[in-house]
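The values are calculated or read from the model by the stated rules, or taken from the named source; none is laboratory data. No experiment lies behind these values; they were computed from the predicted model shown. Reconstructed Cβ throughout: ideal geometry from the backbone, glycine too, with neighbour counts over all protein chains shown.
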Amino acid sequence: MSGESANAILRSQVDLLDFIDWSGVECLNQNTAHSLPNALKQGYREDDGLNLESDADEQLLIHIPFTQVIKLHSIVIKGTEEEGPKTVKLFSNRDHMGFSNVNDFPASDSAVLTPENLQGKPVVLKFVKFQNVRSLAIFIEDNQGGSDVTKVQKIALFGTTVETTDMKGLKKIEDGH
Amino acid sequence: MVLEATMICIDNSEWMRNGDYSPSRLRAQSDAVSLICGAKTQSNPENTVGVLTMAGKGVRVLTTPTTDLGKILACMHDIEMGGEMNIAAGIQVAQLALKHRQNKNQHQRIIVFAGSPLKNDKKVMEMIGKKLKKNSVALDIVNFGEEDDGKPEKLEALLAAVNNNESSHIVNIPPGPNALSDLLISTPIFNVDGGGSGFAAAAVAAAAGNVSDFEFGVDPNIDPELALALRVSMEEERARQEAAAKKAADEAVKEGKGEEPPSSSQDATMTENFNAAAEATEKTAEPMDEENALLQRALSVSMNTTGPDSSVADAVMSEANEDKELALALQMSMQEDIKDPSNQTDISKVLGDQSFVSSILTSLPGVDPNDPSVKDLIASLQGQPESSQQKKDEDEPPKADK
């Protein structure tokens, strides 16, 4: 199973960082000193010292729109043992959600993160639910240790885009050219 | 130019009947609300504002966030006072109203007018504040009216819980002669990023009427060129008026000269004054020089003769550029002087006409031309050899009488 999933990841592995529409990225209840780019942006997210932290309580609501339609395969969420996220809910194509109505909709997928996940192991999602994603909402409900502050070191999204085909795959086949 | 949706929470409790803010606390709040609405809409036309009341029977939303100022002002008219303020419920309803705003891209802001004592305790306020911060709602608190024990601390705690990156503010307005809205204008509630300050300055000028901290009602900080231009033009006008006044005084002196021997000392002082004035004001230097030249000539002319100077004086007058009417008047007065001697001669001629005089005399009742004294009188009047005529006239009137 894990081998299959690993292959699956390899096959469709495109880091969707390039397709994020940064103008519409929002995070509710973030601490302004430790904000979302620390976890999302290239370079910042690799630095374990730079975290996204929650502010008033331990919940976080992250909204990520994309520049084109994507299929989301898996995500990686890295955090510390104590303060890393535990319960994570994902919503596709829901804009302008707030903490009050986040539980009104059924999540497209949800996951409880294990310590391995927090080390960098990808969480494979229900691919069928994420076939036509324009925007993604990540709701972090609580954290591992139950503290008031949740800290996230890295968030990475993997999947494929809808319009373009897998050019790398094509190249490999037509190697003669 | 922040895109923002604002909900204003008005306190319409019984405490608002108090008149320590003119005309009453509730009316002061209404004025402030209308000012805020105007400022918000001006800084960004897509901004929306809504209003709710916190006291009365319960929290009631008067308008949901809208860009229509007229609707908001209309709602403000019908507010009734009564009950107690429920600030916790008020803020929560405001938050709900903002959540359902039409344009989700707008930032959320609540402005609370806290005029009556607070029932809720500090913990509750802090929790409310945290909830607002979690949903990224900014909060502005206007603390006025009742000074309750613990009210400032509770409001400060609320602000501390809400404040995210200095976007929330608290303002304390003590009672006094100035209107609530005027005092609010200078606070960060209005001057967010300086976008509202232009409107605020205009509002000060309009609402306060003549009362203005700045000269000419224009804020030098906002519009320095305009303020400078106004000041310069005022000074120019003042200088011009002084010059005109001096000229009028001087010409009055000249007029006096035509009728009596000129008091040269007086004129000298006048010219000295003129010179001093000329030195003082650089701008009017050149016309002053011309004035001096004219003055000198007038002086010399009037020194020489009193008779034929009128024509020359007329010429001088006509050369004076300003106050042509004054010149005309002077001319006319000159001519009248000339006429006067001739008038006198006319009168003397009339009196010299014996027949006329005698006819007048005889027609007077009680005068008997045959009376020797009358005859003598007439004879003395007669200065010409018209005795024969006189006799004839004398004969005739008696016949007429008889």
Exercise for the section: Keeping to region B:4-27, report how many residues are within 22 Å of B:PHE190 (Cβ to Cβ) and touching an Asp or Glu at 6+ places or on another chain (Cβ under 6 Å). Expected result: 0
Fill in the blank from the handout: The lone condition B:GLY115 fails out of (1) more than 32 Å from the chain's Cα centre (by Cα); (2) over 17 Å from B:LEU184 (Cα atoms) is (2)
Fill in the blank from the handout: The residue from B:GLY56, B:GLY82 that alone is more than 43 Å from the chain's Cα centre (by Cα), part of a loop (DSSP other than H, G, I, E, B) and among the small types (Gly, Ala, Ser) is B:GLY56
Exercise for the section: Starting from region B:216-245, keep only residues that are under 28 Å from B:SER186 (Cα atoms) and at pLDDT below 90, then list their pairs with residues that are aliphatic (A, V, I, L, M) and not in a helix (DSSP H, G or I) whose Cβ atoms are within a distance under 8 Å, requiring at least 6 positions of separation or different chains. Expected result: B:LEU226/B:VAL218; B:ALA227/B:VAL218; B:LEU230/B:VAL218
Handout entry: Any chance A:ILE70 is at pLDDT 85 or above and outside any loop (DSSP other than H, G, I, E, B)
Key = yes
Exercise for the section: Output the number of residues of region B:89-111 satisfying the condition of being without any contact (Cβ under 8 Å) to a residue 40 or more places away in the chain and either crowded, with 20+ Cβ neighbours inside 10 Å or not in a loop (DSSP other than H, G, I, E, B) (or both). Expected result: 4
Fill in the blank from the handout: Of (1) closer than 15 Å to A:VAL123 by Cβ; (2) within 12 Å of chain B (Cβ to nearest Cβ), A:LEU61 satisfies every one except (1)
Handout entry: Checklist (1) surrounded by 15 or more Cβ atoms within 10 Å (Cβ to Cβ); (2) part of a loop (DSSP other than H, G, I, E, B); (3) touching a Phe, Trp or Tyr at 6+ places or on another chain (Cβ under 7 Å); (4) away from chain B (no Cβ under 14 Å) applied to A:GLU83, failing item
Key = (3)
Problem - Among the residues listed as B:LEU73, B:LEU35, B:LEU69, B:LEU62, the single one being surrounded by 20 or more Cβ atoms within 10 Å (Cβ to Cβ), in contact with a helix residue (DSSP H, G or I) (Cβ under 8 Å, 6 or more places away or on another chain) and not aromatic (Phe, Trp, Tyr) - result: B:LEU35
Problem - Candidate set: region A:144-176, residues that are basic (Lys, Arg) and part of a helix (DSSP H, G or I); chosen: the one modelled with the lowest pLDDT - result: A:LYS168
Exercise for the section: Kindly indicate whether B:LEU155 is more than 14 Å from every other protein chain (Cβ to nearest Cβ) and part of a helix (DSSP H, G or I). Expected result: yes
Exercise for the section: Within region A:95-113, work out how many residues are on the phi < 0 side of the Ramachandran plot, surrounded by 12 or more Cβ atoms within 10 Å (Cβ to Cβ) and either β-branched (Val, Ile, Thr) or within 12 Å of another protein chain (Cβ to nearest Cβ) (or both). Expected result: 7
Exercise for the section: Would you be able to say whether some residue in region B:133-150 is under 18 Å from B:VAL93 (Cα atoms), without any contact (Cβ under 8 Å) to a residue 24 or more places away in the chain and either basic (Lys, Arg) or assigned to a loop (DSSP other than H, G, I, E, B) (or both)? Expected result: yes
Completion exercise
The condition of being assigned to a loop (DSSP other than H, G, I, E, B), surrounded by 18 or more Cβ atoms within 10 Å (Cβ to Cβ) and over 44 Å from the mean Cα position of the chain (by Cα) holds, among B:ASN120, B:ASN164, only for B:ASN164
Handout entry: Filtered residue count, region B:126-147, keeping only those that are more than 14 Å from chain A (Cβ to nearest Cβ) and more than 25 Å from B:ILE185 (Cα to Cα)
Key = 0
Handout entry: Unique match (being free of Cβ contacts under 8 Å to residues at least 60 places away in the same chain, away from every other protein chain (no Cβ under 14 Å) and in contact with a strand residue (DSSP E or B) (Cβ under 7 Å, 6 or more places away or on another chain)) among A:LEU136, A:LEU90
Key = A:LEU90
Practice task
Looking only at region A:114-124, decide whether some residue is farther than 26 Å from A:GLU46 by Cβ and either surrounded by fewer than 18 Cβ atoms within 10 Å (Cβ to Cβ) or away from every other protein chain (no Cβ under 14 Å) (or both).
Solution key: no
Handout entry: Residue check for B:LYS99: basic (Lys, Arg) and under 13 Å from B:ALA161 (Cβ atoms)
Key = no
Practice task
Report yes if some residue within region B:183-192 is at pLDDT 85 or above, touching a helix residue (DSSP H, G or I) at 6+ places or on another chain (Cβ under 9 Å) and within 14 Å of chain A (Cβ to nearest Cβ); otherwise report no.
Solution key: no
